[in-house]
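The values are calculated or read from the model by the stated rules, or taken from the named source; none is laboratory data. Keep in mind the model is a prediction, meaning the values are calculated, not measured. With ideal geometry, Cβ positions are generated from the backbone for all residues, glycine too; neighbour counts draw on all protein chains shown. Each accessible area value is taken on the protein alone, full model and side chains, heavy atoms only, with ligands, DNA and RNA left out. Shrake-Rupley method; radii C 1.70, N 1.55, O 1.52, S 1.80 Å.
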Amino acid sequence: MIHNRTMIEPKPAPSSSVGPVAWLRSNLFNGPINTIFTLIGLYILYLLVVPTVQWAFINADWVGTTRDDCSREGACWVFINARFTQFIYGLYPRSEIWRANIVFAGFFTLIAWLAIPRLPFKHWVAVFALVGFPVIAYVLLHGGYFDLPRVPTHRWGGLMLTLLLATVGMVGALPIGIVLALGRRSNMPIVKSFCVIFIEFWRGVPLITVLFMASVMLPLFLPSDMSVDRLVRALIGLTLFQSAYMAEVIRGGLQAIPKGQEEAAAALGMTYWKRMGLIILPQALKMMIPGIVNTFISLFKDTTLVMIIGLFDLLGIVQAALADSRWLGFSLEGYVFAAFMFWIFCFSMSRYSQYLERKLHTGHKR
Amino acid sequence: MTQAATNNPGTSTSDLMVEMRGVNKWYGDFHVLRDIYLEVKRGERIVICGPSGSGKSTMIRCINHLEEHQKGEIVVGGVPLTQDVKRIEQIRRSVGMVFQHFNLFPHLTVLENCCIAPMWVQKKPRKEAEAMAMQYLERVRIAEQAKKYPGQLSGGQQQRVAIARSLCMHPDVMLFDEPTSALDPEMIKEVLDVMVELAEEGMTMLCVTHEMGFAKTVADRVIFMDQGQIIEENAPEPFFNNPQSERTQLFLSQILGH
């Protein structure tokens, strides 16, 4: 029997088990097989990274105005430079680009304001972002008011159009998706059937078909004197398509909430909408962040499909520029640039969702 | 059965809080509640016991329409329970319920759990709702945890918060659905103590529980249910010392004998 032993004071761990050398030893070189894998991995990395860096940076040409400024030993970023305005604004008239710039600035300011937790008046900023800002953006981009010359939507393009499609799609698809998900769980047979049919219809057709139908078939059904802007049709098609996916993501989250939560809320006398809005959805949406962001990211990339109905989003305008006879042969640079722009936005969304998950997780683990 | 109520000095008023007349309920073909007749006066404390699957929980869940009955009449505080959603919500506002698994809202702090219904259902201003919530949290001796989330509390603490949350709506009746069954033994007492105090203050209570000590201390009436029926109904003393039905005797010998 052991009792009354003197307490052992805490000591630092032996130096061989802490620090970078120890980390290397225990993670990369902790045995002959692991060491071989590490070395092979490093070699492959070397084979890939060195030529890429050489192509993209060291041998690349950055300044100039025509293709003759490129040595062709590395990437020719001159092409991107020369076409940059077009890639961002599409065919938007040069003299009016300041209008698009104001919208861009407002857009990124609002997003940053809503994303950075320290900043105050979140509710009012959110209301403005959803109600006031779209009106301002429309007036500025489209013109026709306050002596601003009209810029028809077929001249909008590039990153501006991609962001517009993605933002409207996300902002529209989330609430419609929530309503559809709630409807699908409803006890009311008509509401339920409508939601099931809606979701299954939109999930069952490819987005390309939706866009084709919106641009080719819809005008056949509308009276001949009525025309809906092509961009608006694409936006509606994209939003409805994504809301069906969103609905299923959200329904998954709703199902994970224990039944007792709704019972407890009901027992307190809450109405259906209060039970959902105050108790069920806040918990469900938090759990669904990865799924929602996943849908957002795929939506963001799906916007490239509007190319097939003649709208020039970021990828579409890059492709159009590649066909320019003065710049033949730079498709690699063009696609790398487009991929990089898409990657930046999608990666930011992914990081922000991870941050949100961590932030919302603190305090109340179950 | 009325003698038991009048014997107790706490229950002098005679108006009925809950009336169940010929209530029947089926789950598909399964007949869970069979011809339930029950009258509960204001201030009466009723303990309901019986083997599992006997319909005790279903019966009290019918009172606030968490379960729907298919036949018979239920009247709560003079208001007949119908399919009408507004009517159901009105009744639910006056009937508190405490669940076996607490069902606190995990995304809200203890204080917010208590305030949310007074603020959103009764439209009380936040300050008033919070002050009242703190009062009730103090009564269940958990005020110091008000800023914590339910997941940070022990089971017994969570159940006391759940009781406070119900009390914040100033209910006329409290329903307890096996409030101590999910608790570790050392936590049962802290919850029962709160319930005994509540009973002593004259709250009308219907309590499904196997805590026979609690039944002996506070109940005006003990109801024994089996196979969806009320088998026996009596004041605690005769119920425990001289049970009439065979099934009651068997049940009591099983739960008191171990």
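For the stretch B:99-106, indicate whether the set of residues that are within 14 Å of another protein chain (Cβ to nearest Cβ), in contact with a Lys or Arg (Cβ under 6 Å, 6 or more places away or on another chain) and more than 30 Å from residue B:22 (Cβ to Cβ) is non-empty.
The answer is yes, given that some residue of the stretch B:99-106 is within 14 Å of another protein chain (Cβ to nearest Cβ), in contact with a Lys or Arg (Cβ under 6 Å, 6 or more places away or on another chain) and more than 30 Å from residue B:22 (Cβ to Cβ).
Among the residues of the stretch A:107-149, count how many are touching a residue at least 40 places away in the same chain (Cβ under 8 Å) and surrounded by 13 or more Cβ atoms within 10 Å (Cβ to Cβ). Qualifying residue count, the stretch A:107-149: 5. Considering the stretch A:287-322 alone, what residues qualify as being free of Cβ contacts under 8 Å to residues at least 60 places away in the same chain and within 13 Å of the chain's Cα centre (by Cα)? Within the stretch A:287-322, A:291, A:294, A:297, A:298, A:301 qualify.
Assess whether residue A:130 counts as being over 30 Å from residue A:322 (Cα atoms) and touching a helix residue (DSSP H, G or I) at 6+ places or on another chain (Cβ under 6 Å). For residue A:130, the condition - over 30 Å from residue A:322 (Cα atoms) and touching a helix residue (DSSP H, G or I) at 6+ places or on another chain (Cβ under 6 Å) - is not met. Being closer than 30 Å to residue B:62 by Cβ, surrounded by fewer than 19 Cβ atoms within 10 Å (Cβ to Cβ) and among the charged types (D, E, K, R) is a property that does not hold for residue B:148.
Filtering the stretch B:83-106 to residues that are open to solvent by less than 60 Å² (accessible area, probe 1.4 Å) and free of Cβ contacts under 8 Å to residues at least 40 places away in the same chain leaves B:88, B:89, B:91, B:92. Filtered by the rule that a residue be touching a residue at least 24 places away in the same chain (Cβ under 8 Å) and not in a strand (DSSP E or B), the stretch B:11-52 gives B:11, B:12, B:13, B:14, B:15, B:42, B:43, B:44, B:50, B:51. Among the residues of the stretch B:110-123, just one is in contact (Cβ under 8 Å) with a residue 12 or more places away in the chain, open to solvent by 20 Å² or more (accessible area, probe 1.4 Å) and facing chain A (nearest Cβ under 8 Å), namely B:121. Within the stretch B:57-85, if we keep just the residues that are in contact with a Ser or Thr (Cβ under 9 Å, 6 or more places away or on another chain) and not in a loop (DSSP other than H, G, I, E, B), the residue that is farthest from residue A:268 (Cα to Cα) turns out to be B:79. Of the helices (runs of 4 or more DSSP H) lying entirely inside the stretch A:255-366, those containing at least 1 residues that are touching a strand residue (DSSP E or B) at 6+ places or on another chain (Cβ under 6 Å) and within 10 Å of chain B (Cβ to nearest Cβ) span A:259-267.
Results for (1) open to solvent by 50 Å² or more (accessible area, probe 1.4 Å); (2) within 19 Å of the chain's Cα centre (by Cα); (3) modelled with pLDDT under 90, shown as yes or no for each residue.
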position	(1), (2), (3)
B:203	no, yes, no
B:208	no, yes, no
B:219	no, yes, no
B:222	no, yes, no
B:226	no, yes, no
B:233	yes, yes, no
B:243	no, no, yes
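Filtering the stretch A:150-201 down to residues that are among the aromatic types (Phe, Trp, Tyr) and under 26 Å from the mean Cα position of the chain (by Cα), which residue is surrounded by the fewest Cβ atoms within 10 Å (Cβ to Cβ)? Once the filter is applied, the top-ranked residue is A:201.
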